[in-house]
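Okay, so here's the structure we're looking at.
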């Protein structure tokens with residue numbers, strides 16, 4: 001399948017496979033792993049605009065980056081146009097691209113009027129984009145859902161407003177906020193949005209294998225796809241989609257490659273955050289790396305009881321050694 005180069009203002013992407021911004025997931029170690037498998041653009045976790053302008057040290061830590069992960073997108077969330085514009089201006093030299101979150105369904109985010117709550121206020125969307133566009137000179141994008149609920153699927157209206165106010169591309173997760181992640185993503189919404197706008201449209205939602213990725217590109221005509229939950233413990237998904245796009249055989253990871261990648265991820269996390277945080281946060285990732293493999297349940301149980309990094313490394317080594325020998 002031949003794809004055209006993707007141009008987002010001054011930024012050209014080498015392929016149409018992007019790592020989605022995900023709170024609690026897309027920290028620096030995770031981004032570096034996914035970048036190593038070919039993601040053309042990676043995103044930070046969702047970052048609070050309020051936290052940034054208050055100069056919160058914890059918030060600014062989310063901006064920590066490494067030269068080998070660029071181009072890097074930073075995603076901001078908030079509900080106040082002036083706060084978002086100040087935050088955007090403060091980080092304009094730290095990011096290749098800026099994304100505004102208008103799709104997060106989490107209660108504590110929407111309770112304050114941010115995330116997908118903004119879909120209920122098209123005028124505020126216009127004000128936010130206009131305010132940020134004035135101060136941020138680089139590529140500017142937004143990420144949205146199809147609407148707040150089934151009765152207000154206003155993604156076309158939001159898309160038109162965003163384009164008119166100067167957004168350079170838009171990502172659509174084609175579920176309303178009320179649907180969460182249940183049921184199926186309605187890819188036909190991506191098709192409709194692509195037909196409506198003159199800027200690049202990226203698709204997100206329900207890409208769990210390389211066939212899904214190719215199907216979304218073909219069926220919707222979107223310019224690029226975002227890998228979210230489908231990449232948990234499976235960075236090979238990115239490589240496999242790129243291989244299929246190039247007409248090459250899909251490479252299936254061996255237990256040895258899974259072991260090496262899991263170990264590399266663990267080490268990157270340790271180097272970045274220290275042993276205690278690596279133990280706490282890498283448990284979920286290691287469970288994802290071993291998902292659907294024989295003995296995974298026993299591995300998970302042992303992992304939850306382990307409080308030392310060396311013991312975790314040994315558990316991982318034993319698990320994948322047994323898988324390699326099977």
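The values are calculated or read from the model by the stated rules, or taken from the named source; none is laboratory data. Just so it is clear, the structure is predicted and the values come from calculations on it, not from any experiment. Cβ sites come from the backbone with ideal geometry, for glycine too, and all protein chains shown count toward neighbours.
Points to keep in mind about this one:
- Taken together, 24, 38 contain a single residue that is surrounded by fewer than 20 Cβ atoms within 10 Å (Cβ to Cβ), in contact (Cβ under 8 Å) with a residue 12 or more places away in the chain and in contact with a helix residue (DSSP H, G or I) (Cβ under 7 Å, 6 or more places away or on another chain), which is 38.
- From 41, 62, residue being in the same structural domain as residue 136 (by TED's automatic domain parsing) and more than 23 Å from residue 246 (Cα to Cα): 62
- Selection count where residues are within 27 Å of residue 278 (Cβ to Cβ) and free of Cβ contacts under 8 Å to residues at least 60 places away in the same chain, scope region 1-21: 0
- A single entry from 52, 19 fulfils the requirement of being crowded, with 23+ Cβ neighbours inside 10 Å and over 19 Å from the mean Cα position of the chain (by Cα): 52.
- Restricting attention to region 105-143, the residues being touching a strand residue (DSSP E or B) at 6+ places or on another chain (Cβ under 9 Å), at pLDDT 95 or above and not in a helix (DSSP H, G or I) number 8.
- Scanning region 166-180 for residues that are at pLDDT 95 or above and surrounded by fewer than 19 Cβ atoms within 10 Å (Cβ to Cβ) yields a count of 1.
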